[in-house]
Amino acid sequence: MGTALAEARAAGEAGDVPVGAVVLSPAGEVIGVGRNLREVDGDPSGHAEIVAIRAAASSLGTWRLDGCTLVVTLEPCLMCAGAILQSRIPRLVLGAWDEKAGATGSQWDVVRDARIGSKVEVVAGVRADECAGVLTEFFEARR
């Protein structure tokens, strides 16, 4: 989560919402990192999770991220929850819940929906106060 938080801070410094993500291999090695790049790249799909998943897939040479873990500072949205399922990531570690748009346990629980074949283990609340604090500071500075 420390690496994801560093990515989140870098996103905030660049003017993007400060969210960071890391994909770990089954052995626990960092194989993909990402931060929000929507503003920087002008890309609506430039969410930290998508960036990290793309980097991990490139690193492994396959879109199948079986056995990997996604660590992210903020609960994934619907788009990112779909990407987690599509890439077959079996484990998600998240910091702060997203009560407005979260799709892995708060507003929706797409990754554990019984109608979908795969189930993702969700570990929530890892360094939650620190993750939420980065977001709070970012938005308070803009008000």
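Could you figure out which of (1) within 13 Å of Gly34 (Cα to Cα); (2) of a type in the set (Ser, Thr, Tyr); (3) touching a Phe, Trp or Tyr at 6+ places or on another chain (Cβ under 9 Å) isn't true of Thr73?
(3)
Mind checking which residues of region 105-116 are open to solvent by less than 80 Å² (accessible area, probe 1.4 Å) and assigned to a loop (DSSP other than H, G, I, E, B)?
Residues satisfying the conditions are Gly105, Ser106, Asp113, Ile116.
Sort through Arg142, Arg112, Arg127 and tell me the only one that's more than 11 Å from the chain's Cα centre (by Cα) and in contact (Cβ under 8 Å) with a residue 24 or more places away in the chain.
Selected residue: Arg127, the only one of Arg142, Arg112, Arg127 that is more than 11 Å from the chain's Cα centre (by Cα) and in contact (Cβ under 8 Å) with a residue 24 or more places away in the chain.
Need the failing condition index for Glu99 against (1) more than 11 Å from the chain's Cα centre (by Cα); (2) buried (at least 21 other Cβ atoms within 10 Å of the Cβ); (3) not small (Gly, Ala, Ser), just the number.
Unmet condition: (2).
Those residues that are touching a strand residue (DSSP E or B) at 6+ places or on another chain (Cβ under 7 Å) and over 15 Å from Cys77 (Cβ atoms), I need them from region 113-123; list them, please.
Matches in region 113-123: Glu121, Val123.
Yes or no, residue by residue, for (1) exposed (fewer than 15 other Cβ atoms within 10 Å of the Cβ); (2) of a type in the set (Lys, Arg); (3) touching a Cys at 6+ places or on another chain (Cβ under 9 Å):
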position	(1), (2), (3)
Gln86	yes, no, no
Leu94	no, no, yes
Ala103	no, no, yes
Glu121	yes, no, no
Arg143	yes, yes, no
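The values are calculated or read from the model by the stated rules, or taken from the named source; none is laboratory data. Just so we're clear, the structure is a prediction, and the values are computed from it rather than from any experiment. Glycine also receives a Cβ, built like all others from the backbone with ideal geometry; neighbour counts cover every protein chain displayed. Calculation scope for accessible area: heavy atoms of the full protein, side chains included, ligands and nucleic acids excluded. Shrake-Rupley method; radii C 1.70, N 1.55, O 1.52, S 1.80 Å.
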